[in-house]
Structure formats: structure tokens, C-alpha cells
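Notes follow once the structure below has been shown.
The values are calculated or read from the model by the stated rules, or taken from the named source; none is laboratory data. Note that the structure is predicted; figures quoted are calculated from it, not measured. Here the Cβ positions follow ideal geometry from the backbone for every residue, glycine too, while neighbour counts run over all protein chains shown.
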Amino acid sequence: MSNRIAKGVAVVVVLGCAAGVYYWVRERSESRAQASAAAQNAEPMDEAPAGSPPGPPIIPSPSSGMKKNSEIVVDPGLPLRGGEVLEYTANVANLSNVASLKLQVGERKDFFGKNAWHLQAFAHTQNPLRMVFELDDQFDSYSDAATMTSLQYELHLSERGQKVDSIQRMTTTGREPAPPDATETRVLPGTRDPLGMMQFLRNVDWTKTAEVRGPVYDGHKLYDVRAKLAAAGEAVTVPAGSYKTSKIEIRVFENGQEMKDAHFTIYFANNVSRTPVLLEAILPFATAQVQLQSAK
């Protein structure tokens, strides 16, 4: 099994966390850093092991180019449903069921004085890939119940025998101290994590909204993510069934520059719950998909 396919699996399982693209972006950034070091006759940087801890807390610059879209229309009749469980299978190139992904909505609760949803995602590689690329990751998000902005984002990673636990408390002011077991991370107002972004996009009324644009923090870096309706009645068939969907294209920007070597798409069913039924990543070396298997 090639290393590229293994990395493709990492992309696709995290893509299921609303195009967080953490692993893909991490590898991409490391490759750039290595190339820069080599050009300067410096010692090449060793590739960071899978599951390496995120970088230091981010204090974004106001010149990052991220702006709030004042024309977003959110459907107030689509609140989250506590207890929802969505299960997916991941395919890369012509390899099927190489990983599983579960997205889960917990109960709405008080989170240090704020009304929040507890969102979770669980990702696991499957055999035979698991024999060479063992991955058992859990992501937890506490997102504001009204806006889905991130209050706390957690990564509990276990990859190829290496474990990392990162708990990051979001702050826009730096005056909200994190508890002893968490790191204070400064972000722009309106920042969502990948899980919160997924749920927010489900509630957007795409018949009245041209584009959603906002900052997304993936536990490692802050990005400008833009989502746009590409097709209103796209037919999609996945293991859970056949659906008419809204096809949403995702574009990711870093420091004002679009990442053009990968393309991400989410398909939301045109049903009452607007279930995400298919997530797709077109990468330089393969096409990766996360397909809905069951919804409870």
C-alpha cells in the first residue's frame, strides 16, 4: 500500500469533519518548509510524525482577509437534533472501505456559561490498510448553539502507535483564561472548527445565499474557508440510498492564497435534516470519498 494512499485516507476521514483538511494541509506545509530549508542550504526538516501536536496558539492578523458574509441566510427551522449519529465509509481511488467515520451530535448543554452543542467525530482505518496505517482519531467540538462558532476544539489522536491529546479553548480577546488541561488559542471573531462548520453549512438556506465565507480553525492553523452552491438537484447514490442533493463546493485559502492542488465538495440531501451524504476530495494523486452508510 503506497504512502500516498495512506495519506489520502487521512485526508478523507478528516474531510468528513467538514473539510478540515488538517492532515493534508499539515503535510503540504511541511513539504514547503522542507523545500525552503533546502534552498537555503539548511539541514532538511524531518517529516513530522503522524499525530504530532499542533503548533503554538494562533493570534491572527486583522489583515488576514477573512470577512463576515452579511448576506448569509440561515434556516431557523433546522435546529440540530441531539443524539443524531451519521456513519460513513471512506474510499480512496479504487480502494473501498479503507476507513470508517462517525459524526455524532451530543446534547445541548451549558459550557462555562454559554449554550453549546457537543459535536464529535470518530475515524478509524480498516483492514487491510489498518495493518500498515493504524489510525484511531477522535475530535470533539463545543460550538455555540446559536452561531456554531467554536468555544473549544479537541483532538485525541492515535496514529501508527503515536498518541496526542490536544484541548484548545478559543478566545477572541485573550482575556478568557483556559483551564489547566487546555491551551488558550486566539482566533478571529466568528471562527468555527471543522465540526461546527459542517453543522453550520447544513443550516444555510442555499436558495437565498450566494456564498458562505469565514475563518475555520482545524486545531493547527486558521484558514479562510468559502462555500458556494454548485448544483441544486444533484443526484447522488451512496450505501445509505439515493438522494437529490445540494452540491456545495469548498475552497480553502491560506494567507489570502487559494490552495489549488485539491478540491473539496459536500453534498447535502434535499430532505428535512439536510443530511451530509457524500464528501469528496479531488487530490493530485487520487479521488477520495466519504459516503453515508446509515443515519440514526
Point to revise | Residue count, segment 263-273 (criterion: more than 14 Å from the chain's Cα centre (by Cα) and surrounded by fewer than 20 Cβ atoms within 10 Å (Cβ to Cβ)) | key: 4
Point to revise | Filter pass, T237 being under 25 Å from H156 (Cα atoms), over 12 Å from the mean Cα position of the chain (by Cα) and at pLDDT 90 or above | key: no
Review point. Does segment 203-221 hold any residues that are surrounded by fewer than 21 Cβ atoms within 10 Å (Cβ to Cβ) and not in a loop (DSSP other than H, G, I, E, B), and which are they?
Key: N203, E211, R213
Review point. In segment 222-243, how many are buried (at least 17 other Cβ atoms within 10 Å of the Cβ), more than 17 Å from D205 (Cβ to Cβ) and among the hydrophobic types (A, V, I, L, M, F, W, C)?
Key: 5
Practice item. Would you mind finding the one in A262, A286, A232, A210 that is among the small types (G, A, S) and free of Cβ contacts under 8 Å to residues at least 40 places away in the same chain? Key: A232
Check your understanding: Of the residues R251, R213, which is among the basic types (K, R), farther than 25 Å from H156 by Cβ and under 13 Å from the mean Cα position of the chain (by Cα)?
Key -> R251
Revision key, fill the gap. For P177, the lone unmet condition from (1) in contact (Cβ under 8 Å) with a residue 40 or more places away in the chain; (2) assigned to a loop (DSSP other than H, G, I, E, B) is (1)
Study note, to complete from the structure: Flagged pairs (Cβ under 8 angstrom, 6 or more apart or on separate chains; first in segment 79-106, over 11 Å from W117 (Cβ atoms); second in a loop (DSSP other than H, G, I, E, B) and among the hydroxyl-bearing types (S, T, Y)) are L86/T275
**Study point:** Pick from segment 244-259, criterion surrounded by 15 or more Cβ atoms within 10 Å (Cβ to Cβ) and without any contact (Cβ under 8 Å) to a residue 24 or more places away in the chain, ranking: nearest to S294 (Cα to Cα)
**Key:** K247
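Looking at the structure I just gave you, is G190 over 15 Å from the mean Cα position of the chain (by Cα) and outside any strand (DSSP E or B)?
For G190, the condition - over 15 Å from the mean Cα position of the chain (by Cα) and outside any strand (DSSP E or B) - is met.
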